[in-house]
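Here's the structure we're looking at; comments come further down.
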Amino acid sequence: DDDKKAHVVVLASPGMGHVTPLLELAKTLVLHLGFHVSFLAIPAEEASPAQIHLLRSPNLPPDLHVIDLPRAHVSSTLRHDMGVFSRLCVVVREALRFLPPFLNQNSVNALITDPFCLAAFDIFDDDDVSVPTYVFFTSSASLLALTFYLPTLDEMVVGDYSKISDEVRVPGCKPLPVEDLINDVLDRQVLPISNRLPTVAGILLNTWEELEPVTLRSFRETPFFLQIPIPPVYPIGPITKRDPEPAVKSSTSHANLISWLDKQPSCSVVYVSFGSGGTLSAEQTNELARGLELSGQRFVWVARPPAEANASGNFFNAGDEVEDPATYLEQGFRDRTEGVGMVISSWAPQEEVLRHPSIAGFLTHCGWNSLLESIVYGVPMIAWPMYNEQRMNARMLIEMGLAVKPEVGEGKRVVGWSEIEKVVRMIVEGEQGMLIRSRVREFQNSALRAFNNGSLACVANQWK
Ligand code: BUP
């Protein structure tokens, strides 16, 4: 009976890296834990077909109501020189005006939001949002630790991060080389999130004890975190997409892809994707094409038109009319790799690809969702971080033996084709690839155990 069910509101900022795991969390609350969930979605600055598609899926359970907050009129506030992060903050801030009326008109037991929405909660007065608020932190425990540590670090360097010459020592984490710090930290954009996080009722983290034991323990034991004090941290992961989604548009291209994979030998195909924001330079795109070709291995490459230097991510509007790879990939490459490789230019059914038995490896930008999906399906990785916390994620993968990392040669701007050829061969047929695969499978098992251990149920019971 709907009326008797506890009501949880899930609030998501735009972007597939947030919407995907928050929606998955919402589904779990409805399907496995008997909640009624309102999913408040903030429309992206420009309509994102992949996001719309995900939220309109006919497969969503009846007790999960997706509600689009009205599209904000932000064009006057947005300036061209603003980075992705600042633009996102403006869009979220504007949309959140609609949150208090929603909470007032409905009886709500708990509110779960991502960190970007939380950062904008300063627009509310104390009594505007009186329901217990939880954050679903859609990244690693290490990034959460860094987020908590940031105000301290900021004070130490008096806001000038160029003062840090080598590494940052975040409590509970391995020393973090300064070059791996995320760009948004360097320009102090994460500080509002850091300042708000300690005020929430709890933090749900998309990780599990065996993946990040040291940092998770440090949240409970390290004086630094006990002093702040930080709210309870609940590792509820891995929360990843589990059921195949219906294809975004041309379902035939997805069907073609899967039926092509069906014909390939088991563990023989490398899946290449740089996430929703990742694009390569023209030079790097050519080197990658050549490396893939010369490796002689089968591949599926989610390719995007090249774009120069984009340190902070240049958000590909997932599922848009996309540029035909013929316009930027050499014709010879396409002819020579026909039957061996597939180039996809639209949104790929990543979850279906990764779970496919033909997949041998994942060349990934190391977005947190992508790496969790890879672990959940036992796929070894080639780590190719691009921006945000991806460099931290890549470092973790390498240290844990779950990925190899192609190196940019001395004095080079890009990863050369021979390096790419080498790592692709290594992951598919090399000895190191086999070692990584068995290591990933250990974590796949631990992911499964964590998923089944009911940690989400423990937190969620407080909301009933
Ligand atoms: Br691209 C792509 N199909 O073609 P991450 C991505 N995805 O299903 P983010 C597809 O989007 P940042 C595609 O499975 C994952 O769930 C993918 O999330 C899905 O990276 C999600 O991996 C992407 O966290 O960058 O959001 O692109 O690192 O900034 O979170």
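The values are calculated or read from the model by the stated rules, or taken from the named source; none is laboratory data. Note that the structure is a prediction, hence the values are computed from the model and not measured. Backbone-built Cβ (ideal geometry, glycine too); neighbour counts: all protein chains shown.
Criterion first (touching a residue at least 24 places away in the same chain (Cβ under 8 Å), part of a loop (DSSP other than H, G, I, E, B), within 16 Å of the ligand (Cβ to nearest atom) and under 19 Å from Ser295 (Cβ atoms)) does Val353 satisfy it? Steps first, answer last, please.
Numbers: touching a residue at least 24 places away in the same chain (Cβ under 8 Å): yes; part of a loop (DSSP other than H, G, I, E, B): no; within 16 Å of the ligand (Cβ to nearest atom): yes; under 19 Å from Ser295 (Cβ atoms): yes.
No; evaluated as a whole, the condition is false for this residue.
Is one or more of the residues making up the stretch 325-341 surrounded by 20 or more Cβ atoms within 10 Å (Cβ to Cβ) and modelled with pLDDT of 95 or more?
Filtering the stretch 325-341 for residues surrounded by 20 or more Cβ atoms within 10 Å (Cβ to Cβ) gives 329, 341.
Pick out the ones that are also modelled with pLDDT of 95 or more and you get 341.
Yes, some residue in the stretch 325-341 is surrounded by 20 or more Cβ atoms within 10 Å (Cβ to Cβ) and modelled with pLDDT of 95 or more.
Looking at Glu407, is it in a helix (DSSP H, G or I) and under 19 Å from Thr285 (Cα atoms)?
Working: in a helix (DSSP H, G or I): no; under 19 Å from Thr285 (Cα atoms): yes.
Criteria not met by Glu407.
Is there any pair linking a residue in the stretch 265-277 that is on the phi > 0 side of the Ramachandran plot and within 16 Å of the ligand (Cβ to nearest atom) to one that is modelled with pLDDT of 95 or more and assigned to a loop (DSSP other than H, G, I, E, B), with Cβ under 9 Å and at least six apart or on different chains, and which?
As it stands, the answer is Gly275/His365; Gly275/Cys366; Gly275/Gly367, since those pairs meet every condition given.
Which members of the stretch 93-133 meet the condition of being β-branched (Val, Ile, Thr) and in a loop (DSSP other than H, G, I, E, B)? So that I can check it myself, show each step before the final result.
Within the stretch 93-133, the first condition is being β-branched (Val, Ile, Thr), and the residues that meet it are 108, 112-113, 123, 129, 131, 133.
Result: Val108, Val129, Val131.
Which pairs do you get when a residue that is closer than 15 Å to Phe136 by Cα and part of a strand (DSSP E or B), found in the stretch 3-16, comes within reach of a residue that is within 16 Å of the ligand (Cβ to nearest atom) and of a type in the set (D, E, K, R), reach meaning Cβ atoms under 7 angstrom, with the pair 6+ apart or on two chains?
As it stands, the answer is Ala12/Asp114, since those pairs meet every condition given.
Going through the stretch 22-53 one residue at a time, which ones are within 16 Å of the ligand (Cβ to nearest atom), over 15 Å from Val135 (Cβ atoms) and outside any loop (DSSP other than H, G, I, E, B)?
Leu23, Glu24, Lys27, Thr28, Ala41, Pro49, Ala50, Gln51, Ile52, His53
Would you confirm, using the coordinates I've provided, whether Val19 is under 20 Å from Leu111 (Cβ atoms), modelled with pLDDT of 85 or more and not in a helix (DSSP H, G or I)? Before you say what the answer is, go through the steps one by one.
On the way: under 20 Å from Leu111 (Cβ atoms): yes; modelled with pLDDT of 85 or more: yes; not in a helix (DSSP H, G or I): no.
It is false that Val19 is under 20 Å from Leu111 (Cβ atoms), modelled with pLDDT of 85 or more and not in a helix (DSSP H, G or I).
Just one of the numbered conditions (1) in a loop (DSSP other than H, G, I, E, B); (2) at pLDDT 85 or above is not true of Ser76; which one?
Tallying (1) in a loop (DSSP other than H, G, I, E, B); (2) at pLDDT 85 or above, Ser76 fails exactly one: (2).
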